[in-house]
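This report concerns only the one structure given below.
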Amino acid sequence: MEWELSSATRTVILITFIVYSIALLVVGFYSKRRMDKTALDKFVEEFYTGGRGMGSLVIALMIAAGLCSAGTFLGGPGLGYSVGLTWVMVLFAQNFMNFYILGEIGKKVGIVARRINAQSYLDLFVYRYNHNKMVGLIGVAGIVIFLGSYVVAQFVGGARLFESMTGQPYWLGLTIFALVVLFYAAFGGIRGVSAAIVIQGLVMTAAVLALFIGGLRFLLPLESSVRSIAEMNPALVTPWTWAPGYQFSMWVVFGLVMIGLPHGAMGCLVYKDTKAMHRAIVIGTIFVVLWTFALVWMGHMTKAVFPNLAVPDHAIPTLAMRVLPPWLAGVTLAGVAGAIQSTIGAMVIVISSTLVKDAYQAYINPKAEPAKLKKVTIWSTVAICVAIFLGALFPPHALEWIVVFAVGGLASAFFWPLILGLYWMRTNEHGAAAGMAGGMATYIIGAGKYLPITFGMNAIMVSLAVSLALTVGVSLMTPKTPKGIIMTWFGREYPKKVPA
Amino acid sequence: MEKREYYSRDYDFAEIEMDPRFLQCRKEMFISFSTWLAFTAISLAVAYGLGKGPVEEYKYILGLPQWWFAVIVVSVVFTFIVIFLSLFVFQDMELSDTAGTGGEKKG
């Protein structure tokens with residue numbers, strides 16, 4: 001272990017973390033009571049979209065905290081530490097994620113989701129593409145496998161950090177994490193997740209501010225700290241460490257394709273009205289810019305304080321424990337936990353809604369009555385949390401391999417079929433299926449280096465190109481989408497009932 | 001609507017009257033995408049342009065390398081741009097279909 005902590009310090013950190021976890025359990029408890037009171041036939045809707053009445057703060061944080069996770073709080077700063085400012089710059093691509101997601105698809109999704117009563121992100125694809133089985137299969141499989149793996153990896157990262165900072169065993173941190181998420185996600189649904197996310201967002205922001213101010217004070221005068229890093233290794237302070245082409249492709253990954261990530265875009269299904277949506281962009285932007293700049297840059301600057309960390313991911317916690325009093329270091333741990341749990345909560349809802357609506361209700365039991373659906377909804381969400389817990393307790397070897405493809409694979413699959421489906425009438429189910437499969441496969445082949453097709457850039461470039469060609473080409477070569485669907489998605493008038 | 005008409009694949013797109021809200025949505029989509037493109041292009045141009053040359057000869061502003069300071073400034077400027085676009089350019093609209101916006105097709 002890199003740092004020598006007194007047991008007093010460890011205890012304070014542990015206590016701060018427990019206080020934070022209890023707050024989340026209380027949230028879960030109240031959300032569960034609310035769900036218990038919900039009428040049976042409205043249960044599934046309330047569970048996944050909560051009446052579509054969420055306000056600007058919640059929407060802003062659902063997107064911001066949903067997307068910012070261990071990547072922004074641990075891994076990103078770690079890479080800022082080991083790779084340098086050129087990586088910090090890459091993360092700036094995510095600054096305006098709220099604007100991209102809500103601005104590009106938010107409003108149209110808001111209108112269409114109300115027309116078709118969409119309960120999941122994948123619903124947008126299933127309904128637009130005529131309930132095509134290939135589209136459904138690729139979507140469900142992609143979300144369950146890729147998001148599921150990503151969630152497990154987040155859990156593992158969080159529990160390891162807990163172990164390092166408190167000295168308590170890995171399984172204890174894992175259990176606390178899992179129980180908390182289980183309570184507010186499985187029992188509270190999206191209301192639980194969104195209430196928890198407000199707490200998490202505040203704790204994350206407190207942690208970021210504390211660390212930024214504490215770190216900056218320690219690093220002054222700034223220029224000499226920066227020069228000391230430059231002397232250690234000039235590559236750490238120049239953008240040219242990565243070629244412009246590669247840097248651009250990373251701005252595509254962290255900026256452009258955000259709408260292809262279900263756990264970020266699901267905010268589009270639940271906001272109250274366009275005023276709330278516009279304000280959510282403003283609020284979310286301020287949070288994301290603050291978290292990203294402060295943390296990832298501080299991760300880089302930690303090099304001036306601890307030049308020889310064995311594990312770069314430890315940059316932020318190590319800095320926290322050096323420059324902050326123990327209770328604020330505990331807040332930092334809670335902040336990282338918050339970032340991870342908020343992402344996990346959003347992903348659990350996505351996986352659950354996908355399985356219940358787009359697998360169970362679509363194919364296994366379309367005539368399920370409300371009581372049965374309520375049971376299936378709760379129990380499948382519980383099962384997902386348990387599966388994730390077990391996966392993190394005994395991480396399979398394949399996990400690391402899958403995670404490499406998780407975000408890029410999903411984005412490559414969903415990006416073009418989503419945006420072309422929303423804004424181009426000619427896109428049809430065959431084009432979408434081809435685009436999804438082709439995009440995902442190309443990304444895996446490229447990122448896994450099975451074939452040299454990336455041309456010195458992130459695999460996203462070639463996978464987006466392939467996906468675009470397939471979505472457009474195959475759509476043009478096959479018949480149009482049924483008229484009723486196009487009317488619903490583009491028309492002023494639309495058929496309220498789908499004829500049986 | 002009859003099943004035959006709903007599932008028809010043999011129709012003209014021009015038959016369908018576009019909801020004016022969707023036209024505005026598409027406009028805002030292009031605004032959002034263009035902002036991403038501009039922010040990306042300017043940030044990269046500023047960084048790689050000002051960041052040229054040997055690191056030992058870097059000039060510093062407020063303790064930071066000049067190119068890095070400029071990249072931060074670009075982000076700050078675009079934060080204001082994004083806020084302005086969201087609050088003053090993006091338009092409010094009714095999300096549900098009530099009389100006057102969209103509605104049930106008769107028949």
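The values are calculated or read from the model by the stated rules, or taken from the named source; none is laboratory data. This structure is a prediction, so every number in the text was calculated from the model and none was measured. When we count neighbours, we look across all protein chains shown, and the Cβ atoms used for this are built from the backbone with ideal geometry, even at glycine.
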Exercise. Go through A:79, A:74, A:85, A:67 for me and flag whichever is touching a residue at least 60 places away in the same chain (Cβ under 8 Å), under 30 Å from residue A:237 (Cβ atoms), within 14 Å of chain B (Cβ to nearest Cβ) and not aromatic (Phe, Trp, Tyr).
Key: A:85
Exercise. Any chance you could count how many residues in region A:459-500 are part of a helix (DSSP H, G or I) and at the interface with another protein chain (Cβ under 7 Å from one of its Cβ atoms)?
Key: 5
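Quick test for you: out of A:345, A:255, A:335, pick the one residue that is small (Gly, Ala, Ser) and within 14 Å of another protein chain (Cβ to nearest Cβ).
Values: A:345 fails: within 14 Å of another protein chain (Cβ to nearest Cβ); A:335 fails: within 14 Å of another protein chain (Cβ to nearest Cβ).
Only one candidate passes the filter, namely A:255.
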Quiz item: List pairs: first in region A:110-121 and aromatic (Phe, Trp, Tyr), second crowded, with 24+ Cβ neighbours inside 10 Å, Cβ under 7 Å, 6+ apart or cross-chain?
Solution: A:121/A:262; A:121/A:265; A:121/A:266; A:121/A:350
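Take residue A:58 and decide whether it is under 22 Å from residue A:339 (Cα atoms) and in a helix (DSSP H, G or I).
On the way: under 22 Å from residue A:339 (Cα atoms): yes; in a helix (DSSP H, G or I): yes.
When the stated conditions are applied, residue A:58 passes them.
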Practice problem: Could you tell me whether any residue of region A:275-296 is crowded, with 21+ Cβ neighbours inside 10 Å, of a type in the set (Phe, Trp, Tyr) and at pLDDT below 95? | Solution: no
Quiz item: Are any residues in region B:82-96 among the aliphatic types (A, V, I, L, M) and either part of a helix (DSSP H, G or I) or exposed (fewer than 13 other Cβ atoms within 10 Å of the Cβ) (or both), and if so, which ones?
Solution: B:82, B:83, B:85, B:87, B:89
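Is there a residue in region B:52-63 that is more than 30 Å from residue A:111 (Cβ to Cβ), under 25 Å from the mean Cα position of the chain (by Cα), more than 9 Å from chain A (Cβ to nearest Cβ) and of a type outside the set (S, T, N, Q)?
Narrowing region B:52-63 to residues more than 30 Å from residue A:111 (Cβ to Cβ): B:52-63.
Restricting the remaining residues to those that are under 25 Å from the mean Cα position of the chain (by Cα) gives none.
The answer is no; no qualifying residue exists.
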Quiz item: Within region A:214-253, can you find the residues that are in contact (Cβ under 8 Å) with a residue 40 or more places away in the chain, not aliphatic (A, V, I, L, M) and not in a helix (DSSP H, G or I)?
Solution: A:233, A:238, A:242
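Can you name every residue in region B:3-59 that is part of a loop (DSSP other than H, G, I, E, B) and touching a residue at least 24 places away in the same chain (Cβ under 8 Å)?
Step one: filter region B:3-59 for residues part of a loop (DSSP other than H, G, I, E, B), giving B:7-12, B:16-17, B:19, B:51-54, B:58-59.
Result: B:19, single match.
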Quiz item: For region B:1-30, how many residues are closer than 24 Å to residue A:251 by Cβ, facing another protein chain (nearest Cβ under 7 Å) and of a type outside the set (Lys, Arg)?
Solution: 2
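Does residue A:210 meet the test of being over 22 Å from residue A:102 (Cα atoms), away from chain B (no Cβ under 12 Å), modelled with pLDDT under 95 and in a helix (DSSP H, G or I)? Working first, answer last.
Numbers: over 22 Å from residue A:102 (Cα atoms): yes; away from chain B (no Cβ under 12 Å): yes; modelled with pLDDT under 95: no; in a helix (DSSP H, G or I): yes.
When the stated conditions are applied, residue A:210 does not pass them.
I'd like the residue in region A:258-275 that is part of a helix (DSSP H, G or I) and facing chain B (nearest Cβ under 10 Å) and, out of all such residues, is nearest to the chain's Cα centre (by Cα). Walk me through how you get there before you give the answer.
So the first thing to find is which residues in region A:258-275 are part of a helix (DSSP H, G or I), and the list is A:258-260, A:262-269, A:274-275.
Keeping just the survivors that are facing chain B (nearest Cβ under 10 Å) gives A:258-259, A:274-275.
Numbers: A:258: 9, A:259: 11, A:274: 23, A:275: 24 Å.
Per the criteria, the residue is A:258.
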Quiz prompt | All positions within region A:289-303 that are under 16 Å from the mean Cα position of the chain (by Cα) and more than 10 Å from chain B (Cβ to nearest Cβ) | solution = A:291
Practice problem: Would you check which residues across region B:32-51 are within 7 Å of another protein chain (Cβ to nearest Cβ) and over 16 Å from residue A:103 (Cβ atoms) and list them? | Solution: B:43, B:44, B:47, B:48, B:51
Quiz item: Among the residues of region A:428-458, how many are of a type in the set (Val, Ile, Thr) and assigned to a helix (DSSP H, G or I)?
Solution: 3
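Pick out, from region A:112-196, the helices (runs of 4 or more DSSP H) lying fully within it that include 2 or more residues that are charged (D, E, K, R).
Details: elements: A:121-128, A:133-142, A:148-166, A:170-181.
Where helices (runs of 4 or more DSSP H) fall fully within region A:112-196 and carry at least 2 residues being charged (D, E, K, R), they are A:121-128, A:148-166.
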